[in-house]
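First the structure, in the form of structure tokens, and then the observations on it.
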Amino acid sequence: MSDPEPGSPAPQQTALPHAPEPVPLAEQQAALVRALVGGGELPPGFDAADVAATAHALLHKRTDEVARRFPMLAHRCGPDFTARYMEWARTRPKTSTVEDAVAFAADHGLPDPRPRRGWRARFRR
């Protein structure tokens, strides 16, 4: 770099903006999981359409798990079980398939979907 000519203004130095502190990988992963399965906010750096598509697929998988494990619950709910369950589960993080099914049934005034104790024992001999 050459010296400025006499009488010319001195070059101005611009301050660089302070870069944000890097977020640890574990925190980034946790934020992504919250966005995918818990209805959390989209973390920076991720494509909104991709995350939404993946979240929808995971929600559909969760719905299918409940319907396969508790077919009577899906039957009692009627043909709109998938839509009703997905709407219900959209903002609720998954605990377990059983707990999800029980909570969904309770919230919708349906009987507890778990089998009654002892019904299998009656058929064993």
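Any read-out appearing in this document is the output of simple, stated calculations on the displayed coordinates, not a laboratory observation. A quick note: this is a predicted structure, and the numbers were derived from the prediction, not measured. Here the Cβ is made from the backbone with ideal geometry for all residues, glycine too, and neighbour counts use every protein chain on show.
Annotations
- Here the gap between GLN29 and LYS94, fully extended at 0.36 nm per residue and compared with their Cα-Cα distance, gives a gain of 21.7 nm.
- In this calculation the C-beta distance from GLU21 to ALA57 is compared with R0 = 41 Å, giving a FRET efficiency of 0.80.
- Residue-by-residue Karplus 3J(HN,Hα) for segment 33-47, coefficients 6.51, -1.76, 1.60, Hz, glycine and proline x: 4, 4, 5, 7, 10, x, x, x, 6, 5, x, x, x, 10, 6
- Net charge of neighbours whose Cβ lies under 15 Å from the Cβ of ALA48, counting Lys and Arg as +1 and Asp and Glu as -1: -2
- Rounded to the nearest 0.05, the FRET efficiency derived from the C-beta distance between ARG114 and ALA48 at R0 = 41 Å is 0.60.
- Each residue of segment 88-100 was assigned a 3J(HN,Hα) from its phi angle through the Karplus expression (A = 6.51, B = -1.76, C = 1.60, θ = phi - 60°), giving 5, 7, 3, 10, 10, x, 6, 9, 8, 4, 5, 5, 4 Hz with x at Gly and Pro.
- Scoring 68-81, 21-34 by mean Cβ neighbours within 10 Å over their residues and listing the highest first yields 68-81, 21-34.
- Per-residue Karplus couplings for segment 55-72, computed as 6.51 cos²θ - 1.76 cosθ + 1.60 with θ equal to phi - 60°, are listed in order as 4, 5, 5, 5, 5, 5, 4, 4, 4, 5, 4, 5, 5, 6, 6, 10, x, 5 Hz, Gly and Pro entered as x.
- Per residue, the Cα convex hull of segment 22-125 amounts to 121 Å³.
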